[in-house]
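Notes to accompany the following structure.
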Amino acid sequence: MPEDSKFDDFLRRETSRFAEPVTPPADAIWAAIEPEVARAIRPQDRRYGGGTRVTRRLWIGVGLGLAATLIIGVAVGRWSAARETLSVASVATSRAAADDSVRAAAIAEASVLQHLGEAEVFLTTVRADLNAGRRESDRAERSRQLLARTRLLLASGEPRSAAVDLLLQDLELLLAEISSLPDSGRGRPVDEQLIEQRLRQGTILHRIRTTLPAQSSGL
Amino acid sequence: MDESALIDEVLRGDMAAARRLYDAHLGAVFRLAMRVTGDPTLAEEAAQDTFIRVFRGLRGFRRQAALSTWIHQVALSSTFNLMRSHRRWQQRRAEVDEADQLAHETAHSEPDLRDKLYAAIEALPEIYRSVFVMHEFEGRDHEQIGALLGIPSGTSKARLSSARLKLRAALREFEGEWASA
């Protein structure tokens, strides 16, 4: 059918536009991610609070399973004698489950708050540098690192408030713009002016700062 | 050294092993990112995102699947995410740069249709998307795809055909554009 052939041609055109082989800058990419890689693969502390999220959840799950089994066993054993025991067991089980979800939420919240704190420091520095016409050599690299972490947080799927989600999305865009500013003097002054203006007059730093002190409220 | 032993070394915090794992897979990741983005800087960024996610997720990696297949999936997801946020960034930049005509650089060649195509590829079920990307973007044949995914080459062909049908259905409203392009 001619439409099939046209559609195949369209797909072929779109997917083969960039087929030329390019050698990846292996050392440059590695240098940019090395600190994050080191953090990611660092052997975990086995004490309470250590371990990856997955292993922590696994142990929490195992603990909850054992606790639930014990409680249910005791409850079933006493069921015929005293129905009140069941309600105590059920309260204990739901309290343990609630503790688990509270702990997971606290870990996610701490990650976001730590990241926002670092972003605030960075953006404040960038604003001061742009205002003074300075160019810090590590600005692009630092913004790319923060950008990568922002994207990971956005992609993590952890529950967050809509306001914090929006804040992370706006932060992502701003960091992408900053990372595109060249380190040398080849950049268009208008780009720097726009970013400086957004940092000075926009709301992002204000929103970060108002989020940071509210550490006890849910994100 | 086999793959599983290399992963164990990495998970013990050995950065030299991490670098070996990175070197073994960077070429494929970068090639994929380059073919999807067409931009070395974006491809570099996508490769960074991919490997950070890979090393962060390595402890949870289930070793029944080949590491290369999992990394390929992570790379695909990272690259499409990046393209989406880059598009948002370009749109915002185009707004402020309208006066000096930069918008023309970002608006060539049916941007809506291309966005729609990327969105449709991303929305394909994983079994179809992997085959489609490997065949169309990476230029692999069905024998290679079958070996990588652990499926017969005939299954790869069938999945590619289904993927094309699904994409065509998803892009039906743009038929006038792709048919006349």
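The values are calculated or read from the model by the stated rules, or taken from the named source; none is laboratory data. As the structure is a prediction and not an experimental result, all values here were calculated from the model. FYI the Cβ positions are ideal-geometry reconstructions off the backbone, even for glycines, and counts take in every protein chain you see.
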Checklist entry - Are any of the residues in region A:143-154 at pLDDT 80 or above and loosely packed, with under 13 Cβ neighbours inside 10 Å? => result no
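What about B:ARG31, is it facing chain A (nearest Cβ under 8 Å), assigned to a helix (DSSP H, G or I), closer than 25 Å to B:ASP115 by Cα and in contact (Cβ under 8 Å) with a residue 60 or more places away in the chain?
Values: facing chain A (nearest Cβ under 8 Å): yes; assigned to a helix (DSSP H, G or I): yes; closer than 25 Å to B:ASP115 by Cα: yes; in contact (Cβ under 8 Å) with a residue 60 or more places away in the chain: yes.
Answer is yes for this residue.
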Checklist entry - If you scan region B:130-181, which residues turn out to be within 11 Å of chain A (Cβ to nearest Cβ) and among the charged types (D, E, K, R)? => result B:GLU136, B:GLU138, B:ARG164, B:ARG168, B:ARG172, B:GLU175, B:GLU177
Checklist entry - Does region B:36-47 hold any residues that are within 8 Å of chain A (Cβ to nearest Cβ) and buried (at least 24 other Cβ atoms within 10 Å of the Cβ), and which are they? => result B:VAL36, B:ALA43, B:GLU45, B:ALA47
Checklist entry - B:LEU167 is checked against (1) at pLDDT below 90; (2) touching a Leu at 6+ places or on another chain (Cβ under 8 Å) and fails just one. What number does that condition carry? => result (1)
Item to check | Of all residues making up region A:29-44, the number that are under 19 Å from the mean Cα position of the chain (by Cα) and at the interface with chain B (Cβ under 7 Å from one of its Cβ atoms) | outcome: 8
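Does B:ASP115 count as crowded, with 18+ Cβ neighbours inside 10 Å, modelled with pLDDT under 85, on the phi < 0 side of the Ramachandran plot and charged (D, E, K, R)? Full working, then the answer.
Numbers: crowded, with 18+ Cβ neighbours inside 10 Å: no; modelled with pLDDT under 85: yes; on the phi < 0 side of the Ramachandran plot: yes; charged (D, E, K, R): yes.
It is false that B:ASP115 is crowded, with 18+ Cβ neighbours inside 10 Å, modelled with pLDDT under 85, on the phi < 0 side of the Ramachandran plot and charged (D, E, K, R).
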